[in-house]
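Novice: The structure that follows is given in the form of structure tokens.
The values are calculated or read from the model by the stated rules, or taken from the named source; none is laboratory data. No experiment lies behind these values; they were computed from the predicted model shown. Don't worry about glycine lacking a Cβ; one is built from the backbone with ideal geometry, like all the others, and counts go over all protein chains shown.
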Ligand SMILES: NC(=O)c1ccc[n+]([C@@H]2O[C@H](COP(=O)([O-])OP(=O)(O)OC[C@H]3O[C@@H](n4cnc5c(N)ncnc54)[C@H](O)[C@@H]3O)[C@@H](O)[C@H]2O)c1
């Protein structure tokens, strides 16, 4: 008798922002490769839809709230992979960015990852192994993008956080990488396009900035996340992995 092995068999993976978009696709891809996935988000009703997939359990967690993160970390005995996905896109230059926009973005996009890593890393250190993946973006220290001032600032910080964690804990069996997508077709991107004064033009702009002439699908990003979560990528740490349809060409 032969059994089919999953690329993530036996791994326990916690991720944020799993209710829709890239997080949802990653949760499904992880589970289909044999992982036990703890999918978290603040959107309880959308999160529940994931319960139909074998291997996924769901949990409402607001990643800006330390107490909620710590409560989850306390309940979980073992964690192999932490995937920090949650993030928000503010549209505008530095002059359009109010202090509240700055604080909200930095809190959701960066502080949340600091809180998650702080809560789950001690478990990984006790196990002498762990794998952290953070969601960054090409709009960061990699590429200057118009109207993405605080967003790019926050994602550049995510890259810095990733490299710092990778450097500090490499000798203790921990690795940490980040994913830097270009434009990905997700519900929030579609909402952002609709919110522009000329949505048709906004869509055109998003499409033409990708040299492929199309956006990435969430599944294409999820494939990369499976690779990063698996032992296939065991030699990678401290890397920002770009998947941008030629945007940086
Ligand atoms: N879509 C893109 O083009 C693109 C490109 C590069 C990077 N990214 C990054 O990928 C990540 C996911 O983006 P997306 O477009 O797939 O997702 P999305 O914006 O469609 O969904 C985000 C999810 O985060 C959840 N969320 C919001 N606030 C939360 C909080 N406080 N705690 C927990 N969950 C919360 C929402 O409920 C939602 O389910 C983000 O970090 C984003 O910056 C996206």
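Novice: Being surrounded by 14 or more Cβ atoms within 10 Å (Cβ to Cβ), farther than 14 Å from residue 138 by Cβ, in contact with a helix residue (DSSP H, G or I) (Cβ under 8 Å, 6 or more places away or on another chain) and free of Cβ contacts under 8 Å to residues at least 60 places away in the same chain narrows it down to one of 222, 229, 202, so name that one.
Specialist: Of the residues listed, the single one that is surrounded by 14 or more Cβ atoms within 10 Å (Cβ to Cβ), farther than 14 Å from residue 138 by Cβ, in contact with a helix residue (DSSP H, G or I) (Cβ under 8 Å, 6 or more places away or on another chain) and free of Cβ contacts under 8 Å to residues at least 60 places away in the same chain is 202.
Novice: Then there's this: Inside segment 70-97, can you point out the residues that are within 19 Å of residue 140 (Cα to Cα) and out of contact with any helix residue (DSSP H, G or I) (no Cβ under 9 Å at 6 or more places or on another chain)?
Specialist: none
Novice: Would you please list the contacts, defined by Cβ atoms under 6 Å and residues six or more apart or on different chains, that run from a residue in segment 22-46 that is without any contact (Cβ under 8 Å) to a residue 24 or more places away in the chain to a residue that is within 15 Å of the ligand (Cβ to nearest atom)?
Specialist: 42/62; 44/60
Novice: State whether the residues of segment 171-184 include one that is more than 11 Å from the ligand (Cβ to nearest atom), surrounded by fewer than 21 Cβ atoms within 10 Å (Cβ to Cβ), in a helix (DSSP H, G or I) and modelled with pLDDT of 95 or more.
Specialist: yes
Novice: For residue 192, indicate whether it is surrounded by fewer than 17 Cβ atoms within 10 Å (Cβ to Cβ) and more than 23 Å from residue 10 (Cβ to Cβ).
Specialist: Yes; evaluated as a whole, the condition is true for this residue.
Novice: Cβ contacts < 6 Å: first residue on the phi > 0 side of the Ramachandran plot, restricted to segment 74-103; second residue surrounded by fewer than 15 Cβ atoms within 10 Å (Cβ to Cβ) and assigned to a loop (DSSP other than H, G, I, E, B), any location; separation 6+ or different chain. Result?
Specialist: Close Cβ pairs (under 6 Å, with a partner that is surrounded by fewer than 15 Cβ atoms within 10 Å (Cβ to Cβ) and assigned to a loop (DSSP other than H, G, I, E, B)) amount to 92/147.
Novice: Please work out if residue 6 is over 20 Å from residue 176 (Cα atoms), more than 17 Å from the chain's Cα centre (by Cα), more than 9 Å from the ligand (Cβ to nearest atom) and assigned to a loop (DSSP other than H, G, I, E, B).
Specialist: For residue 6, the condition - over 20 Å from residue 176 (Cα atoms), more than 17 Å from the chain's Cα centre (by Cα), more than 9 Å from the ligand (Cβ to nearest atom) and assigned to a loop (DSSP other than H, G, I, E, B) - is met.
Novice: Here is a follow-up. Considering only residues that are more than 23 Å from residue 115 (Cα to Cα) and more than 16 Å from the ligand (Cβ to nearest atom), look in segment 9-39 and name the one that is surrounded by the fewest Cβ atoms within 10 Å (Cβ to Cβ).
Specialist: 10
Novice: Inside segment 159-171, can you point out the residues that are under 15 Å from residue 118 (Cβ atoms) and either under 13 Å from the mean Cα position of the chain (by Cα) or in contact (Cβ under 8 Å) with a residue 40 or more places away in the chain (or both)?
Specialist: Hits for segment 159-171 are 161, 162, 165, 169.
Novice: Scan the helices (runs of 4 or more DSSP H) fully inside segment 44-162 and keep the ones with 2 or more residues being within 12 Å of the ligand (Cβ to nearest atom) and crowded, with 17+ Cβ neighbours inside 10 Å.
Specialist: Output list reads 66-75, 112-127.
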